Amino acid sequence: RTLVNEVLRNSKVTSVHISVLVKAFSLVGVFDYGCGEGLLLSFLIQPYEDYPITRLAGVDISQEIMEIAAKRCQPRDHEKEYLRLSPLTVDLYQGSIDVADERLFGFEAIVCMEVIEHVYPPVLDKFFDIVLGTYKPKVLIVTTPNVEFNVYFPQLKYGTPEATLRIDDHKFEWSRKEFQEWGNAGSLKYNYSVEYTGVGKLKDSDPAVGFATQIAIFRDLQPEAKPIKTKFGSYEHVEKIIFPFYDEPDKNIAEILDVIHYYMQYLCNPVISYDETKRSHFRIDDLWSIHQIRLLCKSRDRLREVIGSSTEFTLINEEEMVAHREYKLDSSEEDKDESYTNNEIFEDDPGWPTDEFDSNEKWNDGWGDENCNNGWGNENCNNGWGNENCNNGWGEENCNNGWGEENYSNEKGQYSSESHKGGASAEEQTGW
């Protein structure tokens, strides 16, 4: 169980790490080569607004697995309301990684995460010919388990004749030396640079053992050169997924400023404020965090341009601004707030008094003061907390079952304010 949990956790950590690398390289098109159930794709479909990914694809040999990936990569309900700034399409294919498909040519990056250890040598031998020689991406990221890390999994018996692999389907697990020899040969053949890193450690693991997963990052040294090999086969197209995005015509500066002024009402007049001083200094991110403004401006640079064009704002620097207008909430917005305390919204609820009720007299179910059957009136209450003659309340006098101060009878015990039998003094009582 420990091993399985570590493998599953490490897969998620690796996915996050790769998604960070993709963002760092500003890659807008990524092909997941051996995508499995779409774990990495599901991370990559998250919108990166500064460096948006607009094109994703995945291929795996199992049709059943690809159907799971298709479900995982569908747009969520909220994406119809909070539209993306840029388009995104996801194409899923079923096929073997020892075949190249012309439809997948032109991706900036190919990621092969925890795949190579699952294939037999004849397929692995074609890997660099297809990926670097035919697809020729700007960046190739390959991950695979580091067998040296298996020393931390006693059940695998690493270093003994009985040693086993992490997963039954693994055909091999390489040491760092073996992985680097393989990667160096491919990079040299197709004129790529390569660097090695890793992800996944235990709290007290020995740095000399390395990471649980080793990573190779290949970068094309001649991106303008044409692919060396051009032999293509064909995959079966499983599904094309198109995400909704904001596709309205660009708004002019005046239109965007109208929207900014609208939201400035709320930035300057927060619902909860611990400082009565009106705000005038803001961060650009205060506005950029508003989805509607992001849709209209599409970039922080455009937002700065719009703010800088208005005499009602001053840009202090790229991150800060000053507002010179005094903003007050629009009267219609104030009316909306007041409506929550308006009695009209409670007209159909008998539990809340309105003008048509006399809250002091003959109110059967309320909290009136007199003649209440079920309330907290002061007099003649049958079930309330009145002060006198209460049968079941907390009155002050002549109460049979209440917490009154005098003549309070409860079975055979007397707990009046004077001459208490078997009880504490008046000062020591726990009553109200």
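Some notes on this structure:
- In the range 214-232 there is no residue matching the filter, namely being hydroxyl-bearing (Ser, Thr, Tyr) and at pLDDT 90 or above.
- Unmet criterion (only one of (1) open to solvent by less than 30 Å² (accessible area, probe 1.4 Å); (2) touching a Phe, Trp or Tyr at 6+ places or on another chain (Cβ under 8 Å)) for residue 91: (2)
- Here residue 188 fulfils each of the conditions (1) in a helix (DSSP H, G or I); (2) open to solvent by less than 60 Å² (accessible area, probe 1.4 Å) apart from (2).
- Number of positions in the range 299-328 that are part of a helix (DSSP H, G or I) and not β-branched (Val, Ile, Thr): 7
- Of residues in the range 32-87 being touching a His at 6+ places or on another chain (Cβ under 9 Å) and crowded, with 16+ Cβ neighbours inside 10 Å, the one farthest from residue 290 (Cα to Cα): 34
- One residue alone among 176, 279 is without any contact (Cβ under 8 Å) to a residue 60 or more places away in the chain and touching a Gly at 6+ places or on another chain (Cβ under 6 Å), and that residue is 176.
- Applying the set (1) surrounded by 15 or more Cβ atoms within 10 Å (Cβ to Cβ); (2) at pLDDT 95 or above; (3) over 16 Å from residue 229 (Cβ atoms) to residue 150 leaves exactly one unmet item: (2).
- Any chance residue 59 is at pLDDT 95 or above and either in a helix (DSSP H, G or I) or under 28 Å from residue 170 (Cα atoms) (or both): yes
- For residue 106, the requirement of being within 26 Å of residue 227 (Cβ to Cβ), modelled with pLDDT of 95 or more, touching a strand residue (DSSP E or B) at 6+ places or on another chain (Cβ under 8 Å) and open to solvent by less than 60 Å² (accessible area, probe 1.4 Å) is not met.
- Where residue 128 falls short, out of the listed (1) in a strand (DSSP E or B); (2) crowded, with 20+ Cβ neighbours inside 10 Å: (1)
- Strands (runs of 3 or more DSSP E) wholly inside the range 213-292 containing at least 1 residues that are of a type in the set (Asp, Glu): 213-220, 236-243
The values are calculated or read from the model by the stated rules, or taken from the named source; none is laboratory data. On a predicted model such as this, the values are computed, not experimentally measured, just so you know. A quick note on method: Cβ atoms are made from the backbone with ideal geometry, for glycine too, and the neighbour counts reach across all protein chains shown. Heavy atoms of the whole protein, side chains included, go into the accessibility calculation; ligands, DNA and RNA do not. Shrake-Rupley method; radii C 1.70, N 1.55, O 1.52, S 1.80 Å.
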